[in-house]
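Please treat every number below as a calculation from the coordinates, not as lab data. Everything numeric here is computed off the predicted structure, so don't read it as measured data. All Cβ positions, even for glycine, are placed from backbone atoms using ideal geometry, and neighbour counts span all protein chains on display.
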Amino acid sequence: MSTKAVAAQTKLELAMTLRRGESLLVTLAIPVGILVFFGKVNRLSSVSGDPVDFLVPGVLSLAVMASAMVSLGIATGFERRYGVLKRLGSTPLSRGGLLAAKTLNVVVIETLQVIVIVATGSALGWHLDGAIVPAIGLLLLGTIAFAGIGMFLAGTLRAEANLALANALFLVLMFLGGMAYPLAKLPDAIESIARLLPAAALAECVRAVLNHHAFPVGSFVVLLVWAISAPLAAARWFKWEEA
């Protein structure tokens, strides 16, 4: 795998991502908007302490889901639809190089998201005093899980179906992820289901390490299972061309 080829493709992937207005809306505007809205309206009366301490870890998790699942998955689906993946896979870049470039692109976008979200949270009164290194590790683990989901959808569905399902799944996981309000506010049956999903698992783990809470081992196990099974499913069933 040529390092120069991967670097060049990563630069191209990043440029294309930044030119897609809908991608920027999902990856930056929505997470920041949720942080500002819920941080200002103070609807988290059931949360002990400053609501921003609850919100920032959840919004960081939301940003990972937006980049790794929605933005990456939808873009890959349309590249597959128009034969871009097939053509790139036959170049000296190789398919492995293409996947590496896409992964690096997601990491760069997520780094930008973290900077913007942390800056916004700080403006709202949030202070970073938790375990930042474990939090970064958890966000990377969440990236693997959500990228696996996004690539699975992109590689098995037609582009239009992938677009609709990825956006619908984003909305469902956003509301069931405990990212902007506590999971305990959900009905008991729905809360039990939500805790088995990667969004809630990631948000709960990141929140615990950043706020010095007891680490939720059960949530970590759920996240780890998704981080293993989703990429494996994508690798097993991904088709480089639409039928």
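Some observations on this one:
- Taking the charge dipole of the chain about its Cα centre, with +1 at Lys and Arg Cβ atoms and -1 at Asp and Glu Cβ atoms, the residue from Gly39, Ala75, Gly178 reaching farthest to the positive side is Ala75.
- If R0 is taken as 30 Å, the Cβ-Cβ distance between Ala8 and Leu171 corresponds to a FRET efficiency of 0.30.
- Working from Cα pairs under 8 Å separated by at least six residues, relative contact order for the chain is 29 percent.
- Residue order, fewest to most beta carbons within 10 Å, for Tyr181, Tyr82: Tyr82, Tyr181
- About the centre of its Cα atoms, the chain shows a dipole size close to 780 debye [charges on the beta carbon of Lys, Arg (+1) and Asp, Glu (-1) only; nearest 20 debye].
- In straight-distance terms, cross-link reach from Lys86 covers every one of the lysines whose alpha-carbon lies under 28 Å from its own, apart from those fewer than eight places away in the same chain; here that gives Lys4, Lys11, Lys102, Lys239.
- Inter-probe distance in nm under a simple model that places probes 7 Å from Cα toward Cβ, at Leu124 and Lys239: 4.3 nm
- Cβ-Cβ distance of Val84 and Ile136, R₀ of 30 Å, FRET efficiency by 1/(1 + (r/R0)^6): the value works out to about 0.45.
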